[in-house]
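K.L.:
Please see the structure below; I have some questions.
The values are calculated or read from the model by the stated rules, or taken from the named source; none is laboratory data. Keep in mind it's a predicted model, so treat the numbers as computed, not measured. Note: ideal-geometry Cβ built from the backbone for every residue, glycine included; neighbour counts use all protein chains shown. Side chains included, ligands, DNA and RNA excluded: accessible areas come from the protein's heavy atoms. Shrake-Rupley method; radii C 1.70, N 1.55, O 1.52, S 1.80 Å.
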Amino acid sequence: MNETTRALRSDAERTVRTILEAAERVLSKNPAASMEQIAEAAGVARTTVHRRFASREALVGAMTAWATRSFAAAVEAAHPETTPPLVALYQVTANVLRVKIDWGFAMSRALSSDPEVARVHADVEERCRRLFIRARETGVLRAEVDPEWARRVYYALIHEAAESRDGEADALAARLVDTLLRGVGTGKGLG
């Protein structure tokens, strides 16, 4: 590949990224926004958007794929299999919250019928399942805690934290992990 081809490919990738980011901003505020509104927000001609994405559905599909890859990379960056579980839990949480906050519209469509999106989500779920088992084995979670239940509660907390946008990702992650591990009660049980 020559220098000119590389430069053109890089420019095309930047244009696509700009369009995807603009689409996320626009569609987050107005899910019925037109391709023209997205083009305007991206600072490109409508024909540029249509040249890259044949339809609105294709654009939303590309956003979903982009967000899903970012989501998987966020989990991977925390090295959940090798980092101590408490550290990994915090880092996964902070990384995932950044993606969910920045790509909220696209992530809300991430449970699409696209087999690649489904595969990535299944892989992330498996990695998180193993992280919660390790957390219980190392004493981060109490021995009697069902790691699957804890993981599902954790997912619900992440969803709520991302929806609330009540602070930046690192602070939200610290609050979320603290809530998961300590709960919100006084420690008194039912009995």
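K.L.:
What's the total number of residues in segment 141-182 that are of a type outside the set (S, T, N, Q) and open to solvent by 40 Å² or more (accessible area, probe 1.4 Å)?
P.N.:
25
K.L.:
I'm trying to understand the selection: among the residues of segment 20-51, which are assigned to a helix (DSSP H, G or I) and either touching a residue at least 40 places away in the same chain (Cβ under 8 Å) or among the small types (Gly, Ala, Ser) (or both)?
P.N.:
LEU20, ALA22, ALA23, GLU24, LEU27, SER28, ALA39, ALA41, ALA42
K.L.:
Now for a separate question. When the residues of segment 75-90 are narrowed to those that are in a loop (DSSP other than H, G, I, E, B) and touching a residue at least 24 places away in the same chain (Cβ under 8 Å), which ends up nearest to the chain's Cα centre (by Cα)?
P.N.:
So, considering only residues that are in a loop (DSSP other than H, G, I, E, B) and touching a residue at least 24 places away in the same chain (Cβ under 8 Å), the one nearest to the chain's Cα centre (by Cα) is PRO80.
K.L.:
Kindly evaluate LEU131 against the criterion of being more than 15 Å from ALA156 (Cα to Cα) and surrounded by 20 or more Cβ atoms within 10 Å (Cβ to Cβ).
P.N.:
Yes, satisfied.
K.L.:
Could you tell me how many of the residues in segment 52-74 are over 14 Å from VAL124 (Cβ atoms) and part of a helix (DSSP H, G or I)?
P.N.:
12
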